[in-house]
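Encoded as C-alpha cells, the structure appears first; notes follow it.
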Amino acid sequence: MWLKFHEWGRRYSGANGFYMIDILGTLVLVVTDEDVAEELMVRRAKYNSDRPEIRSIVDSKSTDGSMEYLPLMGKNQYWARQRRLTHAYLTEASNSHYHGIMYHEAKRWLVRLIERPDNFQFSLEDMASKVMCQLTWDDPSLSEYCTKSAWGLLTQMSPAGPITNVFYAFVALARDNESLENSRAQASR
C-alpha cells in the first residue's frame, strides 16, 4: 500500500510535496515531502494539530461539550480547561512524588510478576489502573471497573472494532438506506 502511495506521490504531487485522495468518502492528505511535513506538523502545529474523529463514537472529540472521553477530546475550549486542571494536579502530585503510590504499586507488581510471570499483561494493566485510580479518585478499588471500561472503549474505536471504523462509507450507506426507507414510509401514508 505504501509503495502505491509513493508511486502516486511521484506522479501527482509534483513540486507541491502533497496530494489529496478520496478513500471511500474520506479525504486524505498525503504528504510526500519532508519539508512540507515539517512545516505543517512542527511550525504550524498549533493550527494543524487535533485528534482524528472516530465516527463510531458519538461526539468523540467533545466538540459539543459532552466531555464523554477526555483522551479523545479535540483541541477546543473544553480541552484547554481540562489540560490546565490536569497539569496543575499532576504537577502537585509529581512534586510530592505521587504520595508514594508509584513506589508501592511497583513493588506490588514485581511480586505479582515473580509469582505469575505468564500473567504479565494483566498485572501490568492492573498496576497502571490502580495507580491512576488512586491518584484520580483516591480509591484503587475502582481499577477493576475502569480497566474493563477502558478495554471496551478501545475495542470499539480500534480498526479491529466495528467495520465503520475502517470504512466510513458503510455508515453513509446505512444513512442513505435509512433515509430511503423513511421517504418510502412517508410516501405510502
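Here is a list: Ser62, Ser66, Ser49. Which entry is touching a residue at least 24 places away in the same chain (Cβ under 8 Å), within 30 Å of Gln156 (Cα to Cα) and of a type in the set (S, T, N, Q)? Steps first, please.
Values: Ser62 fails: touching a residue at least 24 places away in the same chain (Cβ under 8 Å); Ser66 fails: touching a residue at least 24 places away in the same chain (Cβ under 8 Å).
Ser49 is the lone residue from the list that is touching a residue at least 24 places away in the same chain (Cβ under 8 Å), within 30 Å of Gln156 (Cα to Cα) and of a type in the set (S, T, N, Q).
What residue, of Met41, Met73, Met1, is closer than 30 Å to Ser149 by Cα and out of contact with any strand residue (DSSP E or B) (no Cβ under 6 Å at 6 or more places or on another chain)? Don't jump to the end; show me each part of the working.
On the way: Met41 fails: closer than 30 Å to Ser149 by Cα; Met1 fails: closer than 30 Å to Ser149 by Cα.
Every option except Met73 fails the conditions.
Here are the criteria: (1) free of Cβ contacts under 8 Å to residues at least 60 places away in the same chain; (2) closer than 25 Å to Leu135 by Cα. Tell me which single one Asp33 does not satisfy.
Of the numbered conditions (1) free of Cβ contacts under 8 Å to residues at least 60 places away in the same chain; (2) closer than 25 Å to Leu135 by Cα, the odd one out for Asp33 is (2).
Is it the case, given these coordinates, that Gly152 is over 21 Å from the mean Cα position of the chain (by Cα), assigned to a helix (DSSP H, G or I) and free of Cβ contacts under 8 Å to residues at least 12 places away in the same chain?
Values: over 21 Å from the mean Cα position of the chain (by Cα): no; assigned to a helix (DSSP H, G or I): yes; free of Cβ contacts under 8 Å to residues at least 12 places away in the same chain: yes.
No.
So for the stretch 66-81 (the condition being touching a Gly at 6+ places or on another chain (Cβ under 9 Å), among the small types (Gly, Ala, Ser) and farther than 29 Å from Ala160 by Cβ), does at least one residue qualify?
Narrowing the stretch 66-81 to residues touching a Gly at 6+ places or on another chain (Cβ under 9 Å): 76-78.
When the remaining residues are screened for being among the small types (Gly, Ala, Ser), the result is none.
No, the conditions are met nowhere in the stretch 66-81.
Would you check which residues across the stretch 102-122 are among the basic types (Lys, Arg) and part of a helix (DSSP H, G or I) and list them?
Within the stretch 102-122, the first condition is being among the basic types (Lys, Arg), and the residues that meet it are 107-108, 112, 116.
Answer for the stretch 102-122, where residues must be among the basic types (Lys, Arg) and part of a helix (DSSP H, G or I): Lys107, Arg108, Arg112.
Are there any pairs with C-beta distances below 8 angstrom linking a residue in the stretch 15-30 that is within 16 Å of Glu53 (Cα to Cα) to a residue that is assigned to a loop (DSSP other than H, G, I, E, B), with the two at least 6 apart or on different chains, and if so which?
Leu24/Phe167; Leu24/Tyr168; Gly25/Tyr168; Thr26/Tyr168
Looking only at the stretch 146-166, decide whether some residue is surrounded by fewer than 16 Cβ atoms within 10 Å (Cβ to Cβ) and in contact with a Phe, Trp or Tyr (Cβ under 8 Å, 6 or more places away or on another chain).
yes
Read the figures in this text as sums done on the coordinates, not as results from a lab. In this text the structure is predicted, and so the values were computed from the model without any measurement. As a convention, Cβ positions derive from the backbone with ideal geometry for all residues, glycine included, and neighbour counts pool all protein chains shown.
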